[in-house]
Amino acid sequence: MSIRLGGRYEVGELLGAGGMGVVYRGHDLRLGRDVAVKMLHPRLGGDELATAIFRREVLNTAALNHPAIVAAYDAGEEPMPNGDGVPYLIMELVDGRSLRDFLRSGRPEPRLALQITAEVCAALEFSHRHGTVHRDIKPGNVMLSYAGQVKVMDFGIARAFAPDGDGPPLRLSAAVIGTILYLSPEQARGAPVDARTDVYAAGCLLYTLLAGRPPFLGDDPISIAYKHVREDPVPPSRFNPDVRDDVDAVVLTAMNKSPLDRYQSAEAFRAELLRVLTDGSVAAAPVLPRQWTRGAGAPGSYWTFASHLGETSTVTAWRARVAERLDRLGESHTAVEEVVHGWRPPAVADLEVAVSRRPDRADGGHTVLLRGSAGEVEVPLRLPAGLDRAVARAAAAVDTARLSPALTSPADLAAVRDLGGMLFSAVLHGEAGALYRGCRAAAGAGDARAPHGRLLRLVLRPRAPEHAALPWELMFDELTGAHLALEHPLVRYVELPVPVAPPVDRPPLHVLGMAVSPRDLPPLAVDEERHAVESALGQLTRDGLVRLTWVNGQTWKDLQRKLYKRQYHVLHIVGHGGYRPELGEGFLAFADDRGRSDPVSAGDLGAILAGQRQLRLAVLNTCESARGDGRRGYSSTAEALVRRGVGTVLSMRDVVSDPAARTFATVFYEAVAVSAPMDVAAMLARLAVKRDGQGSLEWSTPTLFMRSTHSSLFGTAEEHHG
Amino acid sequence: MADIVSVVHFGEPEAAAVLAAGLGGPGASAPVVEAQRTRAVAADLALLVLVALPVHGFLKKLGEMLGESTGAGIAKLFNAAFARVRGGGAGRSIVLRDGVHGMDVELTADLPPAAYEQLGALIAAEAVTLRYDPAAGAWVAAGTPVDPR
């Protein structure tokens with residue numbers, strides 16, 4: 001069944017995806033024409049900042065009507081069942097391809113490169129006249145139609161400015177900003193930007209078209225940003241003998257480090273390009289060739305590099321390591337970090353929810369103690385009659401969703417909401433509810449250390465096994481109409497007198513993966529998950545900050561042999577698993593020597609891992625790894641590892657579908673790779689399961705057990721120093 | 001019936017097609033959906049019939065559609081599906097899921113018509129799993145949830 005927006009636009013095939021948005025082919029049923037439909041990237045759904053940026057793109061684009069700018073036709077918000085709106089933008093469908101794709105087949109002739117850049121400048125000239133700086137000019141944001149028209153798009157991070165430089169305050173410190181390969185020196189330094197920032201990026205664009213490679217390459221984003229600030233580019237003629245000296249001069253003028261020494265407007269830059277195209281007379285100073293006789297290598301594997309790094313502005317590195325490098329470079333850490341990484345992990349504030357037996361009550365009554373920034377309150381635990389039936393009904397709803405999200409019925413959604421409401425009211429009623437809302441408001445308002453606000457993290461401490469067995473991840477707030485685990489990092493804190501794995505004090509972080517798919521069980525897409533994890537951690541691996549290795553083989557002995565060799569910090573297991581009610585124990589399905597299923601109990605897995613004293617995170621991406629019997633404490637496979645000292649265990653409470661498990665792991669590691677704390681990464685991954693799975697209820701299955709409130713995988717300065 | 005029933009199969013498309021045709025009514029077929037693969041070990045489930053009605057209401061309607069007041073027609077329909085399951089359906093089950101209450105009923109290839117008649121007479125409205133006990137000649141609830149209170 002096709003999706004229809006606003007009752008008018010039918011959404012078709014996916015045309016492309018960027019860091020923040022996805023674009024689909026669409027059809028306007030009213031006017032009978034094809035259109036492009038841009039929506040916020042599913043994994044950013046619910047992200048207020050990303051949504052705000054997207055809405056701003058809608059406004060920016062709508063205000064710009066120019067032949068060289070992709071036209072905006074319409075915009076709206078599609079209401080979701082939870083009351084949220086999903087913003088979308090209806091745009092002109094350009095019959096062509098982006099310059100990034102165009103460049104994959106080779107660089108154009110210099111004349112065409114100049115013409116394309118002149119058209120880009122025409123678009124910029126128009127947008128600047130209307131008070132908008134694009135800030136993200138790059139090949140991926142310029143379309144070239146098959147009829148030869150140039151169209152600039154993606155004004156998502158554009159910013160309004162006043163000619164005197166007193167524009168509205170910049171609020172993008174936590175957002176994706178620019179692309180490293182086209183980043184101006186003033187952006188890299190965190191200095192104010194203006195129209196000349198776009199002139200610099202357009203100069204970089206022209207450079208790339210002429211040379212077949214961007215002006216600066218490097219091993220990582222930091223070094224590229226540094227080169228934009230400090231190094232002069234090699235003239236493009238060094239890479240392309242067809243580029244004349246006067247063209248070199250125009251490019252390098254546009255790319256001058258000082259905005260004062262660049263063309264002062266896109267209009268001036270365009271005029272110069274047109275002069276070169278018509279009569280060859282150039283106002284720019286010629287380049288002295290002797291500067292470039294050494295040190296410039298031939299164009300290397302740029303497109304491979306660009307596809308993995310250059311076009312990705314959110315690639316980040318281990319922050320401590322980055323700070324160290326920036327210190328060496330003598331740059332401002334904050335400014336460069338924000339620009340280069342483009343994303344800063346959110347700060348969190350905790351609300352602890354402890355459920356325990358009341359010592360003054362002989363009747364087994366339980367109490368809920370809440371402690372957060374807005375205060376402390378104790379209320380009785382109020383589990384309603386019929387809770388057991390509601391749990392079973394919701395479990396059936398989640399199970400139906402794992403068969404296929406399309407089978408979920410309104411009755412299923414209602415069952416999950418009803419149980420979620422019961423669980424919410426059990427612990428957050430009366431004064432407890434007021435405290436929750438107070439803490440939430442306080443966290444959102446921020447403070448001196450977190451001026452953009454904090455995420456409120458819920459730290460659950462259900463001490464009795466029967467309470468720990470409840471699916472608290474489903475808690476639903478009737479007032480806001482939202483499940484808490486989709487908006488808050490939600491952690492099950494495990495209190496045990498066992499030492500927890502220490503923080504990792506120096507790179508690399510050793511990650512061990514194991515993928516098992518015994519031949520007598522339904523095959524799993526283990527290779528896809530393996531690739532997704534490798535891809536998510538790819539940049540950190542290339543930077544030498546992470547070392548990812550995989551167990552060769554599928555038997556428990558293969559795992560054991562690998563563990564003999566070194567201490568690992570992260571263990572990721574992909575495979576089948578389950579829970580045996582008759583034994584009260586979970587298991588993972590390894591393979592035997594013949595490739596057939598060989599169940600290894602949770603206790604035995606704990607013994608296999610007993611020598612791993614550095615294990616900070618275990619991801620058990622298998623079915624029912626978080627399931628306990630509700631009668632004894634710590635009876636799940638995940639908790640068996642926690643008892644062995646693993647700091648954090650990410651596990652699955654229910655039977656989980658292969659696609660949902662894979663989506664969860666992919667987004668979890670992608671988020672961790674940009675410095676998100678593990679609990680925040682899990683929250684983001686839940687949302688991805690819900691959105692990518694067409695509203696699948698499987699978002700509730702992942703369960704995060706932690707032994708420490710420090711949730712950064714890489715460790716923090718605070719943690720290292722106690 | 002086609003609008004209130006979906007047949008979900010676990011690698012058994014032929015059996016699903018037979019059952020969907022039988023459940024759809026004259027000239028219609030219930031929708032067939034292939035279940036997503038899971039990371040679970042259990043592999044004894046062949047088909048799952050998801051019904052947007054309580055089970056007793058569904059069986060009543062099904063009996064009416066088949067023109068039989070006894071369980072024989074219903075047993076014949078499910079047995080035809082079991083016959084298309086690999087290995088003749090031995091050791092495999094078809095689950096009937098009440099999409100209103102979340103109740104599962106495990107059907108096996110050897111169920112007598114009387115079991116279907118008993119099932120149609122049960123007014124069950126809880127998310128439990130029912131299995132037929134041939135010794136007792138009755139349906140019993142398995143895995144009763146733990147009351148956390």
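The values are calculated or read from the model by the stated rules, or taken from the named source; none is laboratory data. None of these values were measured; they are calculated from a predicted model. As a convention, Cβ positions derive from the backbone with ideal geometry for all residues, glycine included, and neighbour counts pool all protein chains shown.
Return yes or no: is B:Tyr132 surrounded by 20 or more Cβ atoms within 10 Å (Cβ to Cβ), of a type in the set (Ser, Thr, Tyr), in a helix (DSSP H, G or I) and away from every other protein chain (no Cβ under 14 Å)? No. With respect to the stated conditions, A:Val427 is in contact (Cβ under 8 Å) with a residue 24 or more places away in the chain, of a type outside the set (Gly, Ala, Ser), out of contact with any helix residue (DSSP H, G or I) (no Cβ under 7 Å at 6 or more places or on another chain) and within 14 Å of chain B (Cβ to nearest Cβ).
Is it the case that segment B:72-84 has a residue that's assigned to a loop (DSSP other than H, G, I, E, B), farther than 21 Å from B:Val140 by Cβ and either away from chain A (no Cβ under 14 Å) or touching a residue at least 24 places away in the same chain (Cβ under 8 Å) (or both)?
For segment B:72-84, residues assigned to a loop (DSSP other than H, G, I, E, B), farther than 21 Å from B:Val140 by Cβ and either away from chain A (no Cβ under 14 Å) or touching a residue at least 24 places away in the same chain (Cβ under 8 Å) (or both): absent.
Contact map, segment A:432-448: residues that are among the acidic types (Asp, Glu) paired with residues that are crowded, with 17+ Cβ neighbours inside 10 Å, Cβ distance under 8 Å, separation 6+ or inter-chain. Pairs shown: A:Asp447/A:Arg454.
When segment A:628-647 is examined, which residues are found to be surrounded by 24 or more Cβ atoms within 10 Å (Cβ to Cβ) and either of a type in the set (D, E, K, R) or within 20 Å of the chain's Cα centre (by Cα) (or both)? Passing the criteria: only A:Glu639. Close Cβ contacts (under 9 Å, 6 or more residues apart or on different chains) running from residues in segment B:36-48 that are in contact (Cβ under 8 Å) with a residue 12 or more places away in the chain and within 7 Å of chain A (Cβ to nearest Cβ) to residues that are assigned to a strand (DSSP E or B) and of a type in the set (D, E, K, R) comprise B:Leu48/B:Arg97; B:Leu48/B:Asp104. With respect to A:Arg547, determine if the residue is surrounded by fewer than 21 Cβ atoms within 10 Å (Cβ to Cβ), within 14 Å of another protein chain (Cβ to nearest Cβ) and at pLDDT 90 or above. In short, no. Against the numbered list (1) surrounded by fewer than 21 Cβ atoms within 10 Å (Cβ to Cβ); (2) within 24 Å of A:Val680 (Cα to Cα), A:Arg357 comes up short only at (2). Mind checking whether some residue in segment B:51-69 is at pLDDT 90 or above, in contact with a helix residue (DSSP H, G or I) (Cβ under 6 Å, 6 or more places away or on another chain) and within 13 Å of chain A (Cβ to nearest Cβ)? So far as segment B:51-69 goes, yes, one or more of its residues are at pLDDT 90 or above, in contact with a helix residue (DSSP H, G or I) (Cβ under 6 Å, 6 or more places away or on another chain) and within 13 Å of chain A (Cβ to nearest Cβ).
Taken over segment A:525-539, residues that are closer than 26 Å to B:Asp44 by Cα, in a loop (DSSP other than H, G, I, E, B) and either in contact with a Leu (Cβ under 8 Å, 6 or more places away or on another chain) or more than 10 Å from chain B (Cβ to nearest Cβ) (or both) amount to 0.
Looking at segment A:381-410, which of the residues that are surrounded by fewer than 18 Cβ atoms within 10 Å (Cβ to Cβ) and facing another protein chain (nearest Cβ under 9 Å) is nearest to the chain's Cα centre (by Cα)? Working first, answer last.
Pass one, segment A:381-410, residues surrounded by fewer than 18 Cβ atoms within 10 Å (Cβ to Cβ): A:382, A:384-386, A:406, A:409-410.
Now restrict to residues that are facing another protein chain (nearest Cβ under 9 Å): A:384-385, A:406, A:409.
Numbers: A:Pro384: 38, A:Ala385: 41, A:Ala406: 26, A:Ser409: 30 Å.
Step by step, filter segment A:381-410, then rank; the result is A:Ala406.
Here A:Ala443, A:Ala450 are screened, and the one residue that is more than 11 Å from chain B (Cβ to nearest Cβ), part of a loop (DSSP other than H, G, I, E, B), within 29 Å of A:Ala50 (Cα to Cα) and not hydroxyl-bearing (Ser, Thr, Tyr) is A:Ala450.
If we only count helices (runs of 4 or more DSSP H) wholly inside segment A:592-695, which ones have 2 or more residues that are touching a Phe, Trp or Tyr at 6+ places or on another chain (Cβ under 8 Å), under 20 Å from A:Ser711 (Cβ atoms) and away from chain B (no Cβ under 14 Å)? Let's see the steps before the verdict.
Working: elements: A:602-608, A:637-643, A:658-673, A:678-692.
Here the list reads A:637-643, A:678-692.
Does A:Val459 meet the test of being among the β-branched types (Val, Ile, Thr), crowded, with 17+ Cβ neighbours inside 10 Å and within 14 Å of another protein chain (Cβ to nearest Cβ)? For A:Val459, the condition - among the β-branched types (Val, Ile, Thr), crowded, with 17+ Cβ neighbours inside 10 Å and within 14 Å of another protein chain (Cβ to nearest Cβ) - is not met. May I ask you to verify whether A:Leu650 is under 31 Å from the mean Cα position of the chain (by Cα) and without any contact (Cβ under 8 Å) to a residue 40 or more places away in the chain? The answer is no for A:Leu650. Within segment B:10-35, being under 12 Å from the mean Cα position of the chain (by Cα) and away from chain A (no Cβ under 13 Å) holds for B:Leu19, B:Ala20, B:Leu23.
Table: residues versus (1) buried (at least 19 other Cβ atoms within 10 Å of the Cβ); (2) at pLDDT 95 or above.
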position	(1), (2)
A:Gly575	yes, no
A:Arg580	no, no
A:Ala591	yes, yes
A:Gly603	no, no
A:Gln612	yes, no
A:Leu617	yes, no
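When segment A:401-437 is filtered for residues that are polar (S, T, N, Q) and at pLDDT below 95, the ones remaining, listed by number, are A:Ser404, A:Thr408, A:Ser409.
When you look at B:Leu19, is it touching a residue at least 60 places away in the same chain (Cβ under 8 Å), closer than 30 Å to A:Pro518 by Cβ, part of a helix (DSSP H, G or I) and of a type in the set (A, V, I, L, M), yes or no? Against the criterion (touching a residue at least 60 places away in the same chain (Cβ under 8 Å), closer than 30 Å to A:Pro518 by Cβ, part of a helix (DSSP H, G or I) and of a type in the set (A, V, I, L, M)), B:Leu19 qualifies. In the set (1) assigned to a strand (DSSP E or B); (2) more than 12 Å from every other protein chain (Cβ to nearest Cβ), the condition left unmet by B:Val7 is number (2). The set of residues in segment A:696-711 that are in a loop (DSSP other than H, G, I, E, B) and modelled with pLDDT of 85 or more comprises A:Ser696, A:Thr701. The residues listed here are A:Val574, A:Val533; of these, the one that is more than 20 Å from A:Ser601 (Cβ to Cβ) and in contact (Cβ under 8 Å) with a residue 12 or more places away in the chain is A:Val533. When B:Asp104 is tested against (1) within 14 Å of chain A (Cβ to nearest Cβ); (2) in contact with a Pro (Cβ under 8 Å, 6 or more places away or on another chain); (3) not basic (Lys, Arg), only condition (2) is not met.
Quick one: in segment A:48-63, which of the residues that are touching a residue at least 60 places away in the same chain (Cβ under 8 Å) and among the β-branched types (Val, Ile, Thr) is nearest to A:Asp154 (Cα to Cα)? Step by step, filter segment A:48-63, then rank; the result is A:Thr61.
Enumerate the helices (runs of 4 or more DSSP H) found wholly within segment A:45-130, keeping only those where 3 or more residues are more than 25 Å from A:Glu13 (Cβ to Cβ).
Numbers: elements: A:48-62, A:99-104, A:110-129.
Result: A:48-62, A:110-129.
Of all residue pairs spaced 6 or more apart or on separate chains, those with beta-carbon atoms under 8 Å, a first member in segment A:503-524 that is within 14 Å of another protein chain (Cβ to nearest Cβ) and touching a residue at least 40 places away in the same chain (Cβ under 8 Å) and a second member that is among the polar types (S, T, N, Q) and assigned to a loop (DSSP other than H, G, I, E, B) are A:Met514/A:Gln554; A:Ala515/A:Gln554; A:Val516/A:Gln554; A:Ser517/A:Gln554; A:Pro518/A:Gln554; A:Leu524/A:Ser517.
Evaluate the following for A:Leu210: is it within 30 Å of the chain's Cα centre (by Cα), crowded, with 24+ Cβ neighbours inside 10 Å and on the phi < 0 side of the Ramachandran plot? Break it down stepwise before answering.
Numbers: within 30 Å of the chain's Cα centre (by Cα): no; crowded, with 24+ Cβ neighbours inside 10 Å: yes; on the phi < 0 side of the Ramachandran plot: yes.
In short, no.
I want to confirm something. Restricting to segment A:466-517 and keeping residues that are small (Gly, Ala, Ser) and in a loop (DSSP other than H, G, I, E, B), which single residue is modelled with the lowest pLDDT?
Restricting to residues being small (Gly, Ala, Ser) and in a loop (DSSP other than H, G, I, E, B), the top hit is A:Ala501.
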